[in-house]
Amino acid sequence: MLFNVFLFGLIIYLSRMKYLRILSLLIAVIIITSCSSSTKNNVPVVGFIDAFEDATISQAKNGFIDALKKNGFSEEQKTVVIKYNNAQGSIPTLTQMVNQFVSDKVDLLATSTTLATVAAIQKTKTIPIFQMVSPTPDRMKVTDAAGKAPANLYGTMEELNYIDTSFAIIPKLLKPKGAQLIVGMIYNQSEPQSADALQRIQGLAAKLNIKIIALPLNSSADAQLVTQALLNKGIDAFFANPDNTVFAAFETIQKSCDQHKVPIFTSEAGLVQRGAVAAFGADIYQWGYQSGLQAAQYLKTHKTDGIKLEMVKIRKRVYNPSVAKKYNITIPTGFEAVK
């Protein structure tokens, strides 16, 4: 600091004496010494990317940040910088955000939902990516010819097995209006995990003697129109697919279903709090927290030794008491009430 003060004083003197060549050299010295002093107290930078705005999905970010904080990386304590960006569902914006973080050479990327994770994988092979609210690499179609995931991909993933449990509770809780239980679904053709989930559910439905009526929805703006089309087909229940578009349009879907007295079931615990009857699925906050623990481990050592993609560990059976009461549905034991 005193050295810089001395240099500034010398600059003023030299400028008056018109020693411009020496002056320019001294300015360069100040810039270099200033930069070197800032790198001595280098604080790690996390680039956090959310694909879209959603009340349920945002819990993953909260969990991720809390895990960092518990391990000594806190913005309040100035031990980490978290640069947060939300693409608001725009693919061009998402790509631009990832490009900027890669250009900034952040220490790691945190990605929430599949679109953000895939975008990051496409743009960097060196910066560690810690995913959350994203499926297995094979379902994201990001594995190589040998079936291996990207070497810089870490965090927490989910498979489809849990959907069986979520869907199978529907015939236990509902009686069909006609001869066969009819369940309506919306799926996003551009999201691999959405199409995969639909295919799996259709196979399960056949075993449970349930008829599935599914319609594509590629934009949340069309949610009301598509949901109304399903309801006009006389469905007994709506199953909220693990789909980014469904997450974003859930309130619109719920409003239409409520008007027609059609209950919603789901595999996502967060949607139960927003108005679905019941679910068996990952706790979104804990999903982010689990990925945050891995990120904290990396920030401590800047090594990925012992870190790998993990299956989400905490899943819950939850139900919404007020919604269950409205539809006169008796929830079996083992389900936790959400507030």
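The values are calculated or read from the model by the stated rules, or taken from the named source; none is laboratory data. From a predicted model like this one, the values you see are computed outputs, not experimental measurements. Cβ atoms come from the backbone with ideal geometry, glycine included; neighbour counts cover every protein chain shown.
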- Within the bounds of region 54-71, is there any residue that is out of contact with any helix residue (DSSP H, G or I) (no Cβ under 9 Å at 6 or more places or on another chain) and either closer than 17 Å to GLY288 by Cα or exposed (fewer than 13 other Cβ atoms within 10 Å of the Cβ) (or both)? no
- Message: Restricting to region 72-93, count the residues that are touching a residue at least 12 places away in the same chain (Cβ under 8 Å), assigned to a loop (DSSP other than H, G, I, E, B) and of a type outside the set (S, T, N, Q).
- Response: 6
- Note on the structure: Of (1) of a type in the set (Gly, Ala, Ser); (2) outside any helix (DSSP H, G or I); (3) more than 16 Å from the chain's Cα centre (by Cα), GLY281 satisfies every one except (3)
- With the checklist (1) in a loop (DSSP other than H, G, I, E, B); (2) within 23 Å of VAL142 (Cα to Cα) in hand, flag the one item THR56 doesn't pass. (2)
- Answer from TYR298, TYR289 - the residue that is outside any strand (DSSP E or B) and in contact with an Asp or Glu (Cβ under 7 Å, 6 or more places away or on another chain): TYR289
- Note on the structure: Of the listed residues (GLN189, GLN122), the one being of a type outside the set (Gly, Ala, Ser), under 22 Å from the mean Cα position of the chain (by Cα) and not in a helix (DSSP H, G or I) is GLN189
- Checked GLY270, GLY306, GLY234 against criteria (in contact (Cβ under 8 Å) with a residue 12 or more places away in the chain, in a loop (DSSP other than H, G, I, E, B) and small (Gly, Ala, Ser)); the one match is GLY234
- Task: Determine if region 138-152 includes at least one residue that is more than 29 Å from THR333 (Cβ to Cβ) and touching a Phe, Trp or Tyr at 6+ places or on another chain (Cβ under 7 Å).
- Result: no
- Task: Look through GLN202, GLN189 and report the one residue that is in contact with a strand residue (DSSP E or B) (Cβ under 9 Å, 6 or more places away or on another chain), closer than 23 Å to GLY281 by Cβ and at pLDDT below 90.
- Result: GLN189
